Amino acid sequence: MGITHDKMYKKSKTGAVQGKWHKKRKYNLGRQPANTKLIVKVTSKKNEGPKISTIRCRGGNIKRRALRLSHGSFAWGSADISHKARIVQVVYNSTSNELVRTNTLVKGCVVQIDSSPFKDALSNDKLDKNILDQIRGDHILARISSRPGQVGTADGYILEGPELLFYQKKLAK
């Protein structure tokens, strides 16, 4: 047994190493993180397309671990529409800049998605000017709200309002 989530290997408040009082147990078993990668260039080769593995977990439950993804389902709250869109790149992650550099998809990361599925909503006059400018361009900023390494899909929502302004300021730096 390798990775464990047991407190037995922690140090006490004073820094003392505690003695081992039992062996590792199966219920403390952990696994390596999925580190779901974004497929930037979609090819027809089998080993370069989307890859989702199935893992049996405690209690017989099943996790679908996405290892490579290229698309996701994104909702647009103010327009009440949802479409499957191609993810172009990861642009911001509050956790680590390395996750941005390696195009790793995790919950909470901000991505650029293809704007073509959302062009039919341009007729609505109530939409925010910042979002309309993004749609007229090629890419829209969106945030992933699912956990691709646990669920197997990259679902999220399009950023709007003050949240969009916040991330645009972060990206301008």
| remark: Looking across segment 1-19 at residues that are in contact with a helix residue (DSSP H, G or I) (Cβ under 6 Å, 6 or more places away or on another chain) and in a loop (DSSP other than H, G, I, E, B), the single one that is modelled with the highest pLDDT is 6
| message | Could you check segment 83-99 and list, in sequence order, the residues that are under 15 Å from residue 73 (Cβ atoms) and under 13 Å from the mean Cα position of the chain (by Cα)? | response | 87
| request: For segment 87-112, enumerate the residues that are more than 17 Å from residue 164 (Cα to Cα) and either hydrophobic (A, V, I, L, M, F, W, C) or without any contact (Cβ under 8 Å) to a residue 40 or more places away in the chain (or both). | output: 87, 88, 95, 96, 97, 98, 99, 100, 101, 105, 106
| query | Does residue 119 satisfy the condition of being at pLDDT below 95 and not small (Gly, Ala, Ser)? | reply | yes
| query | Residues in segment 26-38 that are over 13 Å from the mean Cα position of the chain (by Cα) and within 23 Å of residue 100 (Cα to Cα): how many? | reply | 2
| Hey, residue 51 out of contact with any strand residue (DSSP E or B) (no Cβ under 8 Å at 6 or more places or on another chain), modelled with pLDDT of 85 or more and among the charged types (D, E, K, R) or not | no
| field | Residue satisfying all of: in segment 100-119; within 17 Å of residue 130 (Cα to Cα) and β-branched (Val, Ile, Thr); farthest from the chain's Cα centre (by Cα) among these | value | 113
| Do you know which residues across segment 44-57 are surrounded by 10 or more Cβ atoms within 10 Å (Cβ to Cβ) and either assigned to a loop (DSSP other than H, G, I, E, B) or of a type in the set (Val, Ile, Thr) (or both)? | 49, 50, 52, 55, 57
| Candidates 41, 23, filtered to the one that is within 30 Å of the chain's Cα centre (by Cα) and either part of a loop (DSSP other than H, G, I, E, B) or more than 30 Å from residue 90 (Cα to Cα) (or both) | 41
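The values are calculated or read from the model by the stated rules, or taken from the named source; none is laboratory data. Keep in mind that this is a model prediction, so the values were computed, not measured. Virtual Cβ from ideal backbone geometry, glycine too; neighbours counted across all protein chains shown.
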